[in-house]
Amino acid sequence: MPQKPHSGNYKMLGETIPQTSLECYLEPSRAIFSDLLGYKPEQTSLQSLNEEQWKMFCQSIGFNQSSFGIFLPRNQTAVIPLHVKKSELSLFHEYFGHGLYCEQSLQGRRLVSLEKELLEQEKQEFLSRKFTLEDVQKFRRTNLIFKELEELRRKNLGAYELFAVWTEYFLSREFGLRDGFERKYEFLEKENKEVVDSVINFSRQYGDLATFYTQGLARKITTERVKKLLEDIYGLEAVQNSRLILLTGSKKPFSDIDLFASSNYLQSIKNNWLDLVVFNNEDFERRIGLFEIQVTSPIMVGEFVAGNKSYLQQKRNQLQEQPITEQAVQYNLAKAEEQKFLASQFQESSEEGKIGLSYSETYLANALALKEGLRLFTKEELISHSRGEKFIELKGGIIKCNN
């Protein structure tokens, strides 16, 4: 396995991406990631060294010459020795694996940020005087940034390396190099091999996109990418037979992917990156009639992913035209009480307690708005109305108007 990222200063040798055997893998790999994830390495640079250059480089930083390569978070550079067998696997591991992790995961970005902060402090400390490696080590022993960096490395090294190994496997599979990958890692300790195998097996069951997201990579969300994700997880037929799938939420890179579905073929799922709420078709229709905010909000503001677009428009029209019944008012009042009770089972400061109270407030606001004959379809509209703000209806939407 590659060594942990090195933070020392060094003199870089070689040219950036010379004409080498790596070149035929570089741009095709970047294209693969652009298509799959919506991005590719941008801040990461690549240095490929011949045998003599690699030897001198390793001596300058005290690194093991028999290693397959190294990634330097401090300046986000992957250094690859060209004389080793299957140097393209090192490209996959260092440049794409560690590079993408440091660019497109929160922990990787923090690692790079701390490295650069430490570099600036070292420059201030040693710029105007001569110093030895021992001087640098002594400085780091008492430096708070270095201590935080070491703690981050300690906690994150497993995820950092696992992601790079998975990326190496992913690209070696794409280019028909699986035999080389398996030979490289056939001597892994049993425990480490089981961890790698578990990620590979996860990808076989749920797809590559889900595997990258599960390991903390940023989500660049489009309806096409979400549809592919769901097809990988649930199967093409389940998605095609679903009556309606909608994309909701903020769509920020490190927020949950929020989805809503009316389907007899999907199941709800919630983890640290995906939140899919599913109602079967019969229950969905019932909740539409009751102006259930958990249904009306995605229907009115959600972005179509799959299903029947005509049906979506029918439901939007129905919400604007169907009568507001006393049953709908009482239903939302009852849901408000239910959520308030559920929240009371947790400490008020807990996340569960806060979520329950938020739901309770929204249901209550919906009940009061319906009692007034108002059709407000988002949580923001409902809460603003309940707090006394006025709304002006315009063609194409609603705007707030404070007193």
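The values are calculated or read from the model by the stated rules, or taken from the named source; none is laboratory data. Predicted, not measured: the structure shown is a model, and the values here were computed from it. Note that we place each Cβ from the backbone using ideal geometry, even for glycine, and neighbour counts take in every protein chain shown.
One residue alone among K315, K270 is among the basic types (K, R), under 28 Å from R225 (Cβ atoms) and surrounded by fewer than 16 Cβ atoms within 10 Å (Cβ to Cβ), and that residue is K270. A single member of G302, G307 is in contact (Cβ under 8 Å) with a residue 40 or more places away in the chain, of a type outside the set (A, V, I, L, M, F, W, C), more than 30 Å from L106 (Cα to Cα) and in contact with a strand residue (DSSP E or B) (Cβ under 6 Å, 6 or more places away or on another chain), and it is G307. For the range 199-222, residues that are surrounded by fewer than 17 Cβ atoms within 10 Å (Cβ to Cβ) and touching a residue at least 60 places away in the same chain (Cβ under 8 Å) total 2.
Only one entry of V239, V226, V196 meets the criterion of being of a type in the set (V, I, T), farther than 22 Å from S29 by Cα and buried (at least 16 other Cβ atoms within 10 Å of the Cβ), and that entry is V239.
Within the bounds of the range 139-146, is there any residue that is over 18 Å from E122 (Cβ atoms), surrounded by fewer than 19 Cβ atoms within 10 Å (Cβ to Cβ) and charged (D, E, K, R)? No: the range 139-146 contains no residue that is over 18 Å from E122 (Cβ atoms), surrounded by fewer than 19 Cβ atoms within 10 Å (Cβ to Cβ) and charged (D, E, K, R).
Screening Q327 with (1) without any contact (Cβ under 8 Å) to a residue 24 or more places away in the chain; (2) assigned by TED's automatic domain parsing to the domain that holds T378; (3) surrounded by fewer than 17 Cβ atoms within 10 Å (Cβ to Cβ) gives one miss only, at (1).
Can you name the residue in the range 242-256 that is crowded, with 16+ Cβ neighbours inside 10 Å and either without any contact (Cβ under 8 Å) to a residue 40 or more places away in the chain or among the basic types (K, R) (or both) and is also nearest to S105 (Cα to Cα) among such residues? Filtering first and then ranking leaves D256.
Among residues of the range 322-367 being over 20 Å from K379 (Cα atoms) and charged (D, E, K, R), the one that is modelled with the lowest pLDDT is E348. Among helices (runs of 4 or more DSSP H) entirely within the range 20-90, having at least 3 residues that are at pLDDT 90 or above and closer than 25 Å to G176 by Cα singles out 23-37, 87-90. When S87, S128, S113 are checked against the criterion of being under 29 Å from A164 (Cα atoms), without any contact (Cβ under 8 Å) to a residue 24 or more places away in the chain and in the same structural domain as W166 (by TED's automatic domain parsing), a single residue qualifies: S113. R183 meets each of the listed conditions (1) loosely packed, with under 14 Cβ neighbours inside 10 Å; (2) at pLDDT 95 or above; (3) not hydrophobic (A, V, I, L, M, F, W, C) apart from (2).
Quick grid of which residues meet (1) closer than 15 Å to G216 by Cβ; (2) modelled with pLDDT under 95; (3) over 22 Å from the mean Cα position of the chain (by Cα):
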residue	(1), (2), (3)
H93	no, no, no
F96	no, no, no
L100	yes, no, no
L111	yes, no, no
E117	no, no, yes
L144	no, no, yes
T167	yes, no, no
R173	no, no, yes
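Screening the range 237-279 for strands (runs of 3 or more DSSP E) wholly inside it with 3 or more residues that are in contact with a Leu (Cβ under 6 Å, 6 or more places away or on another chain) returns the ranges 257-262.
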